[in-house]
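Peer 1: Just passing along the structure, written as structure tokens.
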Amino acid sequence: MDNYARGRSLEYAAKRRLQQSGFIVFRCASSKPVDLIAVKQGVVMLVECKTGLHPHISNGELAKALTLASQSGAKTVLCFRRKFHRLRFYEVLPSLERKELPF
């Protein structure tokens, strides 16, 4: 499986998990501006998905997501999955601290 297929697979897995938690989830074409947008009862989350042995989000991607979130009142969320591990969701706070979410 190539990187694109792994990334797409992760996005769909994250989308299903969020839907099971009651969110309405939109997958964005070409991951622009983010991979997923999730909405539930006044909560809006902008979700970036990363996979691999050492999942990493660049400072530029993170800055873009945080700026967009602050402009729209949304939360910035990172979804990671290391090879053979479960999905993990983290909210990125403005201080760049990460808080794990229970999805």
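Peer 1: Evaluate segment 83-98: report whether one residue or more is part of a strand (DSSP E or B), surrounded by 17 or more Cβ atoms within 10 Å (Cβ to Cβ) and at pLDDT 95 or above.
Peer 2: Taking segment 83-98 first, the residues part of a strand (DSSP E or B) are 88-92, 98.
Of the ones still in play, those that are also surrounded by 17 or more Cβ atoms within 10 Å (Cβ to Cβ) are 89, 92.
In the following step, the residues that additionally are at pLDDT 95 or above were identified as none.
The answer is no; no qualifying residue exists.
Peer 1: Hey, can you tell me all the residues within segment 68-82 that are at pLDDT below 85 and closer than 27 Å to GLN41 by Cα?
Peer 2: The answer is ARG81, and nothing else.
Peer 1: Here's another thing I want to ask about it. Within segment 29-67, track down each residue that is hydrophobic (A, V, I, L, M, F, W, C), more than 16 Å from ARG8 (Cβ to Cβ) and at pLDDT 90 or above.
Peer 2: Just the residues of segment 29-67 that are hydrophobic (A, V, I, L, M, F, W, C), to begin with: 29, 34, 36-39, 43-47, 49, 53, 57, 62-63, 65-66.
Filter once more, so that each one left must be more than 16 Å from ARG8 (Cβ to Cβ): 37-39, 43-46, 53, 57, 62-63, 65-66.
Once the filter is applied, which keeps residues that are hydrophobic (A, V, I, L, M, F, W, C), more than 16 Å from ARG8 (Cβ to Cβ) and at pLDDT 90 or above, segment 29-67 yields ILE37, ALA38, VAL39, VAL43, VAL44, MET45, LEU46.
Peer 1: Would you confirm whether any residue within segment 23-34 is in contact with a Lys or Arg (Cβ under 6 Å, 6 or more places away or on another chain) and assigned to a loop (DSSP other than H, G, I, E, B)?
Peer 2: Within segment 23-34, one or more residues are in contact with a Lys or Arg (Cβ under 6 Å, 6 or more places away or on another chain) and assigned to a loop (DSSP other than H, G, I, E, B).
Peer 1: Moving to a separate point now. Could you go through segment 68-91 and let me know if any residue there is farther than 19 Å from ARG27 by Cβ, among the hydrophobic types (A, V, I, L, M, F, W, C) and under 14 Å from the mean Cα position of the chain (by Cα).
Peer 2: Among the residues of segment 68-91, not one is farther than 19 Å from ARG27 by Cβ, among the hydrophobic types (A, V, I, L, M, F, W, C) and under 14 Å from the mean Cα position of the chain (by Cα), which makes the answer no.
Peer 1: OK, next. Please enumerate the residues belonging to segment 57-67 that are assigned to a loop (DSSP other than H, G, I, E, B) and under 12 Å from the mean Cα position of the chain (by Cα). Write out each step before concluding.
Peer 2: First, the residues of segment 57-67 that are assigned to a loop (DSSP other than H, G, I, E, B): 57-58.
Hit for segment 57-67 is ILE57, nothing else.
Peer 1: Mind checking which residues of segment 39-56 are surrounded by 13 or more Cβ atoms within 10 Å (Cβ to Cβ), in contact with a strand residue (DSSP E or B) (Cβ under 8 Å, 6 or more places away or on another chain) and not in a strand (DSSP E or B)?
Peer 2: Residue satisfying the conditions is PRO55 alone.
Peer 1: Would segment 27-38 turn up any residue that is surrounded by fewer than 20 Cβ atoms within 10 Å (Cβ to Cβ) and touching a residue at least 40 places away in the same chain (Cβ under 8 Å)?
Peer 2: Checked segment 27-38: no residue is surrounded by fewer than 20 Cβ atoms within 10 Å (Cβ to Cβ) and touching a residue at least 40 places away in the same chain (Cβ under 8 Å).
Peer 1: Among (1) among the small types (Gly, Ala, Ser); (2) farther than 20 Å from LYS99 by Cα; (3) touching a residue at least 24 places away in the same chain (Cβ under 8 Å), which single condition is ALA14 missing?
Peer 2: (2)
The values are calculated or read from the model by the stated rules, or taken from the named source; none is laboratory data. All values derive from a computational prediction rather than experimental measurement. Note that each Cβ is placed from the backbone with ideal geometry, even for glycine, and that neighbours are counted across all protein chains shown.
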